[in-house]
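Below: one structure, written as structure tokens.
The values are calculated or read from the model by the stated rules, or taken from the named source; none is laboratory data. Owing to the predicted nature of the structure, the values given are computational and were not obtained by experimental measurement. Don't worry about glycine lacking a Cβ; one is built from the backbone with ideal geometry, like all the others, and counts go over all protein chains shown.
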Amino acid sequence: MSTPNKYAPASNTPPPLPTCPHCKAELPTLALFSWQMPSWVIMSVYCPNQECRAVLYTQVLPLDIQQETSRIEMPS
């Protein structure tokens, strides 16, 4: 007789979904939005709940203004 494997249970229970820290609603997906300015890109993640729409994370990334020339020599 074999013993059940504790690392692979017979019932596949899905992990709990994360919740919004503001409205406590489950977050099956995240809503993303980005703004582009001449020298910056601002990326934002917010709650998809229609009543909440709170910003959960924001990242500001600088854009490279001066395009670096390619170091790969192209055959002519």
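Restricting attention to region 24-40 and to residues that are within 28 Å of Leu61 (Cβ to Cβ) and in a loop (DSSP other than H, G, I, E, B), the residue that is modelled with the lowest pLDDT turns out to be Leu30.
Residues checked against (1) loosely packed, with under 10 Cβ neighbours inside 10 Å; (2) modelled with pLDDT of 90 or more:
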position: Met1; (1), (2): yes, no
position: Asn12; (1), (2): yes, no
position: Pro16; (1), (2): yes, no
position: Thr19; (1), (2): no, yes
position: Glu51; (1), (2): yes, yes
position: Val60; (1), (2): no, yes
position: Asp64; (1), (2): yes, no
position: Thr69; (1), (2): yes, no
